[in-house]
Amino acid sequence: MTQKILVTGGTGYIGSHTVVELQNAGYEVIVVDDLSNSSKDVLDNIETISGKRPAFEQFDLADAAKTDEFFVRNQDIAAIIHFAASKAVGESVQIPLHYYRNNLVSLMNILDCQRKYKIANLVFSSSCTVYGQPDKLPVTESTPRKDAESPYGNTKRVNEDILNDSIKAYPELKGIALRYFNPIGAHPSALIGELPLGVPQNLVPFITQTAAGLREGLSVFGDDYDTPDGSAIRDYINVVDLAKAHVVAIARLLENKNKASYEVFNLGTGNGYSVLEIVKGFEKATGVKLNYKIVPRRAGDIEKIWADTTYANEELGWKAEVGLEETLLSAWNWEKRVRGIQ
Ligand code: NAD
Ligand code: WQD
């Protein structure tokens, strides 16, 4: 029988790519999203790519009554991937209570329903933000977590603890926290991708919007870091590669291949690239010249981080495959399609 997977936040950036990969792997998908940071049109594009339209329900998972009412009707869900969250770091400093309520309460509502309706398995979207600036690079899953720089980052750390503590207390639950490094790029079809509301805060959407003429120029935040070219280093991972890791994590839970009831994996490429290398890589991949200037560091930014992916590679049998330039080109093709650029 086809197994049914609930994808919360499934019309969002990473969620939509994961829905496609789950469908390609033969799972039936139901999406829950309140559309606070995405649009229903995404469902049409998912259907065009996969040939299958996921079931969809629009409501706020921080609403306990609505969440319960959903699970009453969907007790046949085999596993959940919980992407739904508010994710803008700067905004989380301005409206922390919204972030804590939305991100923490949603997870707790889901865990309550998992217990009540006997749904064992959860995959949770965590972030490399839990490591802060690590003392040693690359970071492994046992690198100590640090105090978060923002309320958003803190919600990831606390949610990991909520999940871990719940699994310890309630043996019927199992979970995997996936710590994403920097997801970038879009589906090769250019039908789904990242569509930030307002001015993009993240590097690659700012680059593609600059190339598309929506922004005058990119500000490179800092060239005085202790890195080879002075700009900050991150581990940028292709979003389709990232999506595929979720399919592996779901199979691991459903097939009881997990080694512990709560597991954590780093999802990155293992390679660090500087901001200036990303700019150059984008220009090389697309042939588009970028207008950019160096400006002072952005408050709260870390200097450098990249993942040790050994554990994910060996234990999940998953590896990031798409190269940086191909990924940057996919981001540009998506931006061009959205803006109607030939
Ligand atoms: P996104 O904003 O594109 O997707 C999240 C989706 O969740 C949106 O469609 C939004 O409408 C929905 N949502 C938010 N709150 C909700 C609620 N209370 N009820 C129902 N739906 C709700 O974000 P994304 O980039 O796809 O990120 C997905 C997950 O991965 C998030 O948990 C995010 O924190 C995490 N993450 C993202 C990154 C990144 O750089 N994009 C890095 C690390 C971790
Ligand atoms: C990457 C690099 C910037 C924009 C954030 C969150 C983190 C995670 C991923 C969810 C940095 C530089 C950026 C620009 C620039 N999200 N930059 N000019 O800061 O690594 O991580 O998103 O969990 O929690 O903090 O990603 O894309 O914002 O920045 O020079 O206009 O690009 O300074 O060095 P970041 P980013």
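The values are calculated or read from the model by the stated rules, or taken from the named source; none is laboratory data. It should be emphasised that the depicted structure is a prediction, and the values quoted were computed from it without experimental measurement. Please note: Cβ atoms are built from the backbone with ideal geometry, for glycine as well, and neighbour counts cover all protein chains shown. We work out accessible area using only protein heavy atoms, side chains counted, and drop any ligands, DNA or RNA first. Shrake-Rupley method; radii C 1.70, N 1.55, O 1.52, S 1.80 Å.
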Q: Might you check whether a residue that is in a strand (DSSP E or B) and either within 16 Å of ligand 2 (Cβ to nearest atom) or on the phi < 0 side of the Ramachandran plot (or both) occurs anywhere in the range 134-141?
A: yes
**Q.** Number of positions in the range 274-317 that are over 23 Å from Gly90 (Cβ atoms), outside any loop (DSSP other than H, G, I, E, B) and open to solvent by 70 Å² or more (accessible area, probe 1.4 Å)
**A.** 5
Q) Of the residues that make up the range 94-101, is at least one more than 16 Å from ligand 2 (Cβ to nearest atom) and either within 30 Å of Asn258 (Cβ to Cβ) or touching a residue at least 24 places away in the same chain (Cβ under 8 Å) (or both)? A) yes
**Q.** the range 78-93, residues that are more than 16 Å from ligand 2 (Cβ to nearest atom) and buried (at least 20 other Cβ atoms within 10 Å of the Cβ)
**A.** Ala79, Ile80
Q: Under 6 Å between Cβ atoms, at least 6 apart or on separate chains: pull out the pairs that start in the range 29-41 with a residue that is under 27 Å from Gln3 (Cβ atoms) and end on any residue that is small (Gly, Ala, Ser) and open to solvent by less than 30 Å² (accessible area, probe 1.4 Å).
A: Val31/Gly10; Asp33/Gly9; Asp33/Gly10; Ser38/Gly12
(Q) I'm trying to understand the selection: among the residues of the range 318-342, which are out of contact with any helix residue (DSSP H, G or I) (no Cβ under 6 Å at 6 or more places or on another chain) and either over 28 Å from Leu191 (Cα atoms) or crowded, with 23+ Cβ neighbours inside 10 Å (or both)? (A) Thr327, Ser330, Trp334
Q: Looking for whichever is part of a strand (DSSP E or B), under 30 Å from Thr2 (Cβ atoms), modelled with pLDDT of 95 or more and open to solvent by less than 20 Å² (accessible area, probe 1.4 Å) here; the options are Ser126, Ser106. Which one fits?
A: Ser126
**Q.** Subset tally (residues that are within 12 Å of ligand 1 (Cβ to nearest atom) and either open to solvent by 20 Å² or more (accessible area, probe 1.4 Å) or under 9 Å from Ile184 (Cβ atoms) (or both)) for the range 234-249
**A.** 4
Q: Filter the range 146-156 for residues that are within 12 Å of ligand 1 (Cβ to nearest atom) and among the charged types (D, E, K, R) and give the result.
A: Lys156
Q. Under 7 Å by Cβ, and 6 or more places apart or on different chains, what pairs join a residue from the range 171-196 that is within 15 Å of ligand 2 (Cβ to nearest atom) with one that is open to solvent by 10 Å² or more (accessible area, probe 1.4 Å) and of a type in the set (Lys, Arg)?
A. Phe181/Arg234; Asn182/Arg234
Q) Going through the range 10-59 one residue at a time, which ones are open to solvent by less than 10 Å² (accessible area, probe 1.4 Å) and within 16 Å of ligand 2 (Cβ to nearest atom)? A) Gly15, His17, Thr18
